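Read the structure below first, then the notes.
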Amino acid sequence: MNRDWRKSQRCPGTANGCVEIAWDPEGVRVRDSKDPGGPALRFSWGEWQAFIAGVKDGEFDGPYLISQA
């Protein structure tokens, strides 16, 4: 398993403020790239799979604003 932290390819360059993930044998860890030494959330593989399924199904879609810089 890869234990290195990764940002989305959609995260611009060296920008901080993106979500980073790391895989480990027990699941997935998620942290804020602005605070790499700070806390990380840990999700089991089952929880992560349920989250990904929810994203694909639009479960988290809703009204939101996209900043056009």
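Taken over region 42-54, residues that are more than 16 Å from W23 (Cβ to Cβ) and surrounded by fewer than 11 Cβ atoms within 10 Å (Cβ to Cβ) amount to 1. Counting only residues that are more than 17 Å from D4 (Cβ to Cβ) and at pLDDT 95 or above, region 19-40 holds 0 of them.
The values are calculated or read from the model by the stated rules, or taken from the named source; none is laboratory data. Since the model is a prediction, treat every value here as computed from it, not as a measurement. Cβ coordinates were reconstructed from backbone atoms using ideal geometry, including for glycine residues, and neighbour counts include every protein chain displayed.
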